[in-house]
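Written out below as structure tokens is the structure these notes cover.
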Amino acid sequence: MSDFRTVQELKALDRELAVPFRGIFILRRKTTKTARNGNPFLSLEIGDSSGSFTANCFGDSPLFAALDPSSEGCIVRLAGTTEYYNERFSPRLSAGEIISSKEANEEGALDQLIEVPPESEATLWQDLEDAIAAIAHPQLRETVQRVIGETEASLRICPAAISMHHAYRHGLLEHTVHMLRAARALLPLYPEVDADLALAGIALHDIGKIEEYEGEFAAKTSRIGTLQGHVVIGFRVARKAALQCGLSADLTERLEHIILSHQGEKEWGAAAMAATPEAVFVSMVDNLDAKMGMVQRVLRNAPKGEAFSEFLPGLQTRVLLTPPEK
């Protein structure tokens, strides 16, 4: 049996004890900073399929020399001691090295590195196709089908975010399908919202993320993602398909508006504030699923016996992990 521990196993250990450990993880984030004394240190986010943690690596450590040349998304074998700082799991790392995916596989750890949704990719994809087929307007449905068909390979595996919500393989597919399911349940309550436009807008609202993110084991922002962002990329992709499918100017503009405004607030990345019934609806469903996705993920990865999660920046709070007492 492997002596490598997962993130979830480490967080389940007694907080009062400093427990030595070894593990194989993905280096998700690496930022070089400067300490007050002027010396450099690395701020790291380390993770696997069961969760993540942050840790610092200072310039006078042999680990600094080992990890400083590394790139985000690489696989690392680490040793350290469990430790908490401000109630967050932040272990003290003592040694580490970069290893290949072949080495991780030989150690029996490769399958534990990549986080995926609870539902299978096949199930999620079938639900996506069913929801698109429910779009009655032929040119609108054809527009969505054209985009999905051209981006299928990337859409199947792309994360929905780098860290905030559905930030794992197939995460964008899961997020989109969950939104479509919620929309189909809610649309009968809001007859003012055109169902075809809402479903089309949801299917394409985040399609720009397939170009915004890159990386095999850990997502990072691509060049075009930095220069344009997924809202603008998605607008361009949808517009091109709409023109190719002969979608009317009015429906094209309304579909584009959903994509441009779905972020909800301009400070969150929206190019415009939602100004149609469909855009308001999609923006709210997007916000709902993004936040509930954070809740679902933290509940899945919660160590047994913990009452509260760690602080979640996306929710600005910790989440109560225990179910209601009935």
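Would you call SER71 over 30 Å from PHE308 (Cα atoms) and surrounded by fewer than 19 Cβ atoms within 10 Å (Cβ to Cβ)? Judged against the criteria, SER71 is a match.
Scan segment 259-275 and give yes if some residue there is in a helix (DSSP H, G or I), under 30 Å from SER50 (Cβ atoms) and not acidic (Asp, Glu), otherwise no. Yes.
Per the conditions (1) under 21 Å from the mean Cα position of the chain (by Cα); (2) buried (at least 16 other Cβ atoms within 10 Å of the Cβ), the sole criterion not satisfied by MET164 is (2).
Contact map, segment 116-145: first residue under 17 Å from LEU251 (Cβ atoms), second residue assigned to a loop (DSSP other than H, G, I, E, B) and acidic (Asp, Glu), Cβ cut-off under 9 Å, separation 6 or more or different chains; pairs are HIS137/ASP194. From the list ALA79, ALA55, ALA104, the lone residue that is assigned to a helix (DSSP H, G or I) and among the aliphatic types (A, V, I, L, M) is ALA104.
Hey, can you tell me all the residues within segment 1-28 that are over 21 Å from GLU87 (Cα atoms), surrounded by fewer than 21 Cβ atoms within 10 Å (Cβ to Cβ) and in contact (Cβ under 8 Å) with a residue 24 or more places away in the chain? Listed by number, the residues that qualify are SER2, PHE4, ARG22. Taking segment 208-255 as the region of interest, the helices (runs of 4 or more DSSP H) fully inside it that hold 2 or more residues being in contact with a helix residue (DSSP H, G or I) (Cβ under 9 Å, 6 or more places away or on another chain) and surrounded by fewer than 18 Cβ atoms within 10 Å (Cβ to Cβ) are 223-227, 229-244.
Read-outs throughout are calculated quantities, based only on the coordinates presented, and are distinct from any laboratory measurement. Note that the structure is a prediction, hence the values are computed from the model and not measured. Please note: Cβ atoms are built from the backbone with ideal geometry, for glycine as well, and neighbour counts cover all protein chains shown.
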